[in-house]
Amino acid sequence: MPIGDDDKFDWKSEKISFESLVQTIEKKEQIEEIIGVILTWQDTGIGGQFLFRCSGVISVNVTLLRKLISSNSNIEITDINWYLTRLLNVFNEKGMQVEHFSYQEHV
């Protein structure tokens with residue numbers, strides 16, 4: 001989300017350099033705005049929207065090529081374990097401690 005978004009969640013899509021991304025994130029941290037980025041897992045295209053709040057809370061909305069649990073029913077259920085194992089490993093490698101998490105599925 002751009003600087004000055006004021007919690008409107010007005011997502012923008014543009015090609016920027018890594019340095020520009022870091023500068024935007026640093027500026028948003030300074031003015032205590034929510035940092036919103038769309039991330040994918042390596043070359044899989046699997047990912048979603050990540051919101052980083054000043055309080056340390058991270059919200060994830062898995063919307064891109066969502067991983068599903070195989071099921072015989074017509075209900076699509078997210079394979080949350082696929083996401084957690086990858087995200088928790090990244091947080092652990094970076095020395096970030098996860099105190100708790102919650103999960104909601106809307107089917």
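Observations on the structure shown:
- Straight-distance candidates among the aspartates and glutamates for linking to Lys94, with alpha-carbon spacing under 17 Å and chain neighbours fewer than 8 residues away dropped, are absent.
- 5 angstrom amide H check on Lys67, placed H, neighbours 5+ away: Asp79
- About the centre of its Cα atoms, the range 42-107 shows a dipole size close to 120 debye [charges on the beta carbon of Lys, Arg (+1) and Asp, Glu (-1) only; nearest 20 debye].
- 3J(HN,Hα) along the range 86-97: 6, 5, 5, 5, 5, 4, 4, 4, 8, x, 8, 9 Hz, from the Karplus curve 6.51 cos²θ - 1.76 cosθ + 1.60 with θ = phi - 60°, whole Hz, x for Gly and Pro.
- In sequence order, calculated HN-Hα J values of the range 60-77 (Karplus, 6.51, -1.76, 1.60; Hz; x Gly/Pro): 10, 10, 7, 10, 9, 6, 3, 6, 10, 7, 5, 8, 7, 9, 8, 7, 8, 10
- Relative contact order for the chain, counting Cα pairs under 8 Å that sit 6 or more residues apart, in percent: 14 percent
- q = 0.11, 0.20, 0.24 Å⁻¹: log10 I(q)/I(0) that the Debye formula gives for the chain, counting C-alpha atoms only: -0.42, -1.25, -1.51
- Gain in span if fully extended, Ser59 to Asn81, counting 0.36 nm per residue against the direct Cα distance: 6.3 nm
- Here's the list of aspartates and glutamates a cross-link from Lys12 could span, going by alpha-carbon distance under 16 Å and ignoring same-chain residues fewer than 8 apart: Glu33.
- Our coupling estimate for the range 22-38, obtained by passing each phi through the Karplus curve with A = 6.51, B = -1.76, C = 1.60 and θ = phi - 60°, is 4, 4, 5, 4, 4, 5, 5, 5, 4, 9, 6, 9, 5, 9, x, 9, 9 Hz, Gly and Pro reported as x.
Each reported figure results from applying straightforward, stated rules to the coordinates on display, with no laboratory input. Not measured: the values here are computed from a predicted model. Positions of Cβ are backbone-derived with ideal geometry, glycine not excepted, and every protein chain shown enters the neighbour counts.
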